[in-house]
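*Asks:* Take a look at the following structure, please.
Taken together, the values in this text are just the output of simple stated rules run on the coordinates, not laboratory data. What you see is a predicted model; the values in this text were computed from it and never measured. Note: ideal-geometry Cβ built from the backbone for every residue, glycine included; neighbour counts use all protein chains shown.
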Amino acid sequence: MTMNFKQFEEKLLMYGADVRKWPKNIRWSALKTLESSPELQKLVKNEERFEGVLNTRKFEEPSKDLAGRIVAAALPRKKKAQRNFGVFFSDMLSEFSLSRRALTAVSVSLIFILIVGFTIGYSTPSRYASAEQYETHLEDFLNYEGDVL
Amino acid sequence: MAIKLLHLDDESLISQIQEESREAFATLVNRHSKRFYRIAYRLVSSKDDAEDIVQDAFLKLWNRPNLWDPGRGTKFTTWFYRAVINLCLDHRKKKKLVNISEGIEFADEKPGADILFDLHQKQALLERLICELPERQQLAINLCFYEGLSNNEAAQIIGVRVKALQSLIMRAKTTLKYKVERYLGGGHDDHEF
C-alpha cells in the first residue's frame, strides 16, 4: 500500500527527513512512494535542509566534572527524628553529658522542691475572696425604689 | 561492587539508593547526568543554570528516593525527564528569559531580504524562534527532534496522547519552517522549505 502526498508530508514532519528511520510499519510504503515521486523527493530535500538549519542550534557541553560534583554534593541523609520518649531522654543525657548519679540527684531534688511547694501551698489559707463576697446584689438594686420623701 | 552496579538497571539502582547507597547514586548520576543536562540546556539556554538544575534534581532524588514509585509503571528516565523539565519551567518563570537575540533586527519590513547573519546571530535567532513557540510545542521539538526520543516516550513525558504529541511536532515544525524561511532563508528558491 502506498501513501498519498498529504500523508507523506505529514509523516515527514512527524518522523523527519530520514525515511529509513521511520516506524517499520510505514517505512516500506513510504520508500516506495518516494521512489516514484520527484515532488516528494524535492520535499524530502527541503526537509533535510530545514533540519540542517535546526541542527545549527547552539549547544554547550556540560562541565566534565558535572557528575562528580553532583555526587559530592549528596550528603548523608539525616535520619528521621524518632518520637520516642526513651530515645529523647537518652539523647538529652548524652547531650548534657550528665552521669546517671548526677541526673538522679537532680531529679530527687526537683521532686523534693515540688513536694515542699505543694505542702506550703495547701497549709496556708488562701487570701482570695470567695465567690459570695463578689455578689453584686443586682436584684436588690433593681427593686430599690428610692427613699420616700 | 561498582562493576556489578554498572549492570543494574535504573530501577534496581533506585532501590539501592533508597538504602542510602552512594555508589548506586553515583552510577545513576554518571549514567544519566549528560542526557538530562541536554534537555535542561535546551530549555534554559544557559550552561550554568542547566547544570544547577540537573544537580538540584538529582539531589532531590537522593534526599527523597521514594518520590519515584515504580508501581506506577513509568520508567525512571521518563519520570526524571518530567522532574527536570518542571524545574526548568519553574526556573524560566522566576528568571524571565533574557532576550537572547538582543541587537538582532528582524527583516519584518522586507520579508525574504538578504541579511548577512554570522553564525552567532543565526544561532541566537533560531533560539529565539524556538523560545517563541508555545511551551508544549517547544517540549515536543526538544524531546523528539533534539533528544531523539520516541513519540511514545515524549508523549508520556509531556503528558499527552501520541496523536496530540505528533500534532504538536507538526505545528512546531510548520511554524519554525515559515519563520526560518522568512528570517534566515533569504528568499532564494533553493531555500524554500
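*Asks:* If you bin the C-alpha pair distances of region A:5-54 every 5 Å from 0, what whole percents do you get?
*Replies:* Answer for region A:5-54: a P(r) of 5, 22, 37, 26, 9, 2 percent.
*Asks:* Let me know the mean shielding of B:170-179 by other chains, meaning the per-residue number of their Cβ atoms within 10 Å of its Cβ.
*Replies:* Per-residue shielding by partner chains comes out at 3.
*Asks:* Same structure, new question: Report the net charge of residues surrounding A:Gly68, where surrounding means a beta-carbon distance below 14 angstrom and charges are Lys +1, Arg +1, Asp -1, Glu -1.
*Replies:* Combined, the nearby Lys, Arg, Asp and Glu give +2.
*Asks:* Under 15 Å from a point placed 7 Å out from the Cα of A:Arg69 along the Cα-to-Cβ direction: which residues of region B:1-39 have their backbone N that close?
*Replies:* Under 15 Å, as judged by backbone N against the label point of A:Arg69, lie B:30, B:33-38 of region B:1-39.
*Asks:* Taking R0 as 35 Å, what's the FRET efficiency between B:Arg31 and A:Phe5 from their Cβ-Cβ distance, rounded to 0.05?
*Replies:* 0.20
*Asks:* Please rank A:Val108, A:Val53, B:Val162, fewest neighbouring Cβ atoms within 10 Å first, as an exposure proxy.
*Replies:* Listed from fewest to most nearby Cβ atoms, that is A:Val108, B:Val162, A:Val53.
*Asks:* Okay, next question. Which order results if B:Arg161, A:Arg101, A:Arg49 are arranged by neighbouring Cβ count within 10 Å, fewest first?
*Replies:* A:Arg101, B:Arg161, A:Arg49
*Asks:* For region B:130-135, just list the computed ³J(HN,Hα) in residue order, Karplus coefficients 6.51, -1.76 and 1.60, θ = phi - 60°, integers in Hz, with x standing in for Gly and Pro.
*Replies:* 5, 5, 7, 5, x, 3
*Asks:* Bins of 10 Å, beginning at zero and ending with the bin holding the largest distance: percent of Cα pairs per bin for region B:2-94, please.
*Replies:* So the P(r) values, bin by bin, are 17, 49, 29, 5, 0.
*Asks:* Relative contact order of region B:2-94, please, whole-number percent, based on alpha carbon pairs below 8 angstrom and at least 6 residues apart.
*Replies:* 29 percent.
*Asks:* Calculate the all-directions average of the projected area of region B:119-191's alpha-carbon convex hull, and give it in nm².
*Replies:* Its average projected convex-hull area is 5.2 nm².
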